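Scroll down for the structure; my scribbles are underneath it.
The values are calculated or read from the model by the stated rules, or taken from the named source; none is laboratory data. As the structure is a prediction and not an experimental result, all values here were calculated from the model. Note that we place each Cβ from the backbone using ideal geometry, even for glycine, and neighbour counts take in every protein chain shown.
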Amino acid sequence: MALRSDWSTDRCPIARSLDAVGDPWVMLILRGALQGVTRFEDFKRSLGVADNVLSRRLNGMVDAGLLVRRPYRGEHRTHLEYVLTDAGADLLPVLNALTLWGEKHTTRPRPDVSMTIIHTACGTTTDSADTCTGCGARLAPTDVTWHKSWRDQPDFPLTGAPA
């Protein structure tokens with residue numbers, strides 16, 4: 001039995017969605033992209049993932065329309081960076097839902113470790129994946145901060161605005 005099926009043409013939109021984003025690495029790459037990571041080496045460093053795994057996932061995400069490749073000039077040559085598309089940015093509520101679910105239903109490694117979703121436009125910590133529970137506005141990557149209690153750095157808004 002195959003470990004993975006092709007659900008890209010399935011009638012069910014859940015199956016088709018999982019065909020594009022059902023791999024855990026894809027969700028972790030999206031998390032990084034929403035936080036402003038765009039370069040291969042930065043994804044690799046932040047995720048601790050092998051080159052071949054990351055390359056395969058990034059190519060699949062480009063093929064699925066979640067990211068686009070954009071050239072940039074490095075010190076010695078031109079490289080590619082990976083930038084969110086509207087389709088990739090539209091997955092913010094999915095990542096927010098995973099955050100909320102994980103905070104509620106998984107065991108924290110330490111009691112002081114937590115992650116909250118803050119709607120920066122009004123400053124409210126929200127308990128909804130897609131709408132601010134303080135002001136009712138729809139959450140977008142440009143007006144959300146993920147507060148991670150384990151980070152010494154100040155919070156900063158997500159920067160993964162679509163290309």
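Below, the figures for the structure above:
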quantity	calculated
Filtered residue count, region 83-97, keeping only those that are surrounded by 20 or more Cβ atoms within 10 Å (Cβ to Cβ), touching a Pro at 6+ places or on another chain (Cβ under 6 Å) and not in a helix (DSSP H, G or I)	1
Matching residues, region 12-33, being in contact (Cβ under 8 Å) with a residue 12 or more places away in the chain and part of a helix (DSSP H, G or I)	Asp19, Ala20, Val21, Trp25, Val26, Met27, Leu28, Ile29, Leu30, Arg31, Gly32, Ala33
Those residues of region 115-126 which are assigned to a loop (DSSP other than H, G, I, E, B) and free of Cβ contacts under 8 Å to residues at least 24 places away in the same chain, in sequence order	Ala121, Cys122, Gly123
Failed criterion for Ala50 (all others in (1) at pLDDT 95 or above; (2) within 15 Å of the chain's Cα centre (by Cα) hold)	(2)
Condition check for Trp150: closer than 20 Å to Lys104 by Cβ, of a type outside the set (Gly, Ala, Ser) and surrounded by fewer than 13 Cβ atoms within 10 Å (Cβ to Cβ)	yes
Odd one out for Trp146, checked against (1) farther than 24 Å from Val26 by Cβ; (2) touching a residue at least 60 places away in the same chain (Cβ under 8 Å)	(1)
Subset of region 133-155 that is of a type in the set (D, E, K, R) and assigned to a loop (DSSP other than H, G, I, E, B) - its residue that is farthest from the chain's Cα centre (by Cα)	Asp152
Residue pairs meeting the criteria (Cβ under 7 Å; at least 6 apart or on separate chains; first touching a residue at least 60 places away in the same chain (Cβ under 8 Å), in region 127-143; second part of a loop (DSSP other than H, G, I, E, B) and hydroxyl-bearing (Ser, Thr, Tyr))	none
Failed condition for Gly36, given (1) assigned to a loop (DSSP other than H, G, I, E, B); (2) within 21 Å of Trp25 (Cα to Cα); (3) modelled with pLDDT of 95 or more	(3)
